[in-house]
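Data block below; observations after.
The values are calculated or read from the model by the stated rules, or taken from the named source; none is laboratory data. None of the values given here were measured: they were computed from a predicted structure. Cβ atoms come from the backbone with ideal geometry, glycine included; neighbour counts cover every protein chain shown.
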Amino acid sequence: MTMSLRLPIRSATTHVLRGCAVVLVVIAAVAAGIGWLYALRCVAGLRVGPLLADALPLQRLAGGAAQPLGRMVAAWLPAGLVAGLGIALVSGMHRAARSVAVFALALVFVLAAAAASDALTHNETIRSQIRQEPHRAAAWVAAGLMALGALLAPVMGRGAGRQAP
């Protein structure tokens, strides 16, 4: 009887820990994507494609918030690839599930970071900015590129040969 009570608790604890690990992996990947986009903002060779307004909200005052799609791809696709690899290592999620999880979590974290940046540049509260963020294409593109990167990440871990692509 004691044994049967321990298994569900251990299983639930394992699921919670894996879920927390997935969230932490995506937070780290979003931070890396933002960092890479800032690092690449002056690379002329990546000035390809349409400009996405407010891709770098903290650069708004300096006039460099809009970034071309080429830079977005160069920053966010590898971040998604790393997120997909990290999630594969800490969970048993299949590629499609990893991609959906990365998209949803990345969108939330990118929108939150953009709202915080906008609040800082406008000297307003985050609450006043959060309603405007979902209307900005750059956050959706960033989350989509991360999801694509996660989908492209190779299958790893236990049973890698048995998982569907």
>> For the range 31-58, give me each residue that is crowded, with 16+ Cβ neighbours inside 10 Å and among the basic types (Lys, Arg).
In response: ARG41
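Results for (1) within 26 Å of ALA12 (Cβ to Cβ); (2) free of Cβ contacts under 8 Å to residues at least 24 places away in the same chain; (3) not β-branched (Val, Ile, Thr), shown as yes or no for each residue.
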{"site": "VAL102", "(1), (2), (3)": "yes, no, no"}
{"site": "ASP118", "(1), (2), (3)": "no, no, yes"}
{"site": "ILE126", "(1), (2), (3)": "no, yes, no"}
{"site": "ILE130", "(1), (2), (3)": "no, yes, no"}
> If you take the residues of the range 64-79 that are among the small types (Gly, Ala, Ser) and assigned to a helix (DSSP H, G or I), which of them is farthest from LEU40 (Cα to Cα)?
Replying inline: ALA79
> From the set of residues in the range 59-73 that are hydrophobic (A, V, I, L, M, F, W, C) and surrounded by 13 or more Cβ atoms within 10 Å (Cβ to Cβ), which is nearest to ALA139 (Cα to Cα)?
Replying inline: MET72
> Quick one: which of ALA106, ALA97 is among the hydrophobic types (A, V, I, L, M, F, W, C) and either buried (at least 20 other Cβ atoms within 10 Å of the Cβ) or within 10 Å of LEU148 (Cα to Cα) (or both)?
Replying inline: ALA106
>> What's the number of the only condition in (1) among the small types (Gly, Ala, Ser); (2) modelled with pLDDT of 90 or more; (3) over 19 Å from MET146 (Cβ atoms) that ALA79 fails to meet?
In response: (3)
> Applying the selection to the range 36-63, what residues are in contact (Cβ under 8 Å) with a residue 24 or more places away in the chain, assigned to a helix (DSSP H, G or I) and closer than 19 Å to LEU107 by Cα?
Replying inline: TRP36, LEU37, PRO57, LEU58
>> Name the residue that is nearest to LEU51 (Cα to Cα), counting only residues in the range 141-165 that are modelled with pLDDT of 95 or more and small (Gly, Ala, Ser).
In response: ALA142
> Going through the range 117-140 one residue at a time, which ones are assigned to a loop (DSSP other than H, G, I, E, B), at pLDDT 80 or above and surrounded by 13 or more Cβ atoms within 10 Å (Cβ to Cβ)?
Replying inline: ARG136
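For residues that are farther than 21 Å from PRO68 by Cβ and in a helix (DSSP H, G or I), tally how many sit in the range 141-158.
Residues of the range 141-158 that are farther than 21 Å from PRO68 by Cβ, as a first pass: 150-158.
Cutting the leftovers down to in a helix (DSSP H, G or I) gives us 150-152.
Of the residues in that region, 3 qualify.
Just to check your reading of the model, which residue among ALA143, ALA114, ALA88 is buried (at least 19 other Cβ atoms within 10 Å of the Cβ) and either polar (S, T, N, Q) or farther than 16 Å from VAL23 by Cα (or both)?
Values: ALA143 fails: either polar (S, T, N, Q) or farther than 16 Å from VAL23 by Cα (or both); ALA88 fails: either polar (S, T, N, Q) or farther than 16 Å from VAL23 by Cα (or both).
It is ALA114.
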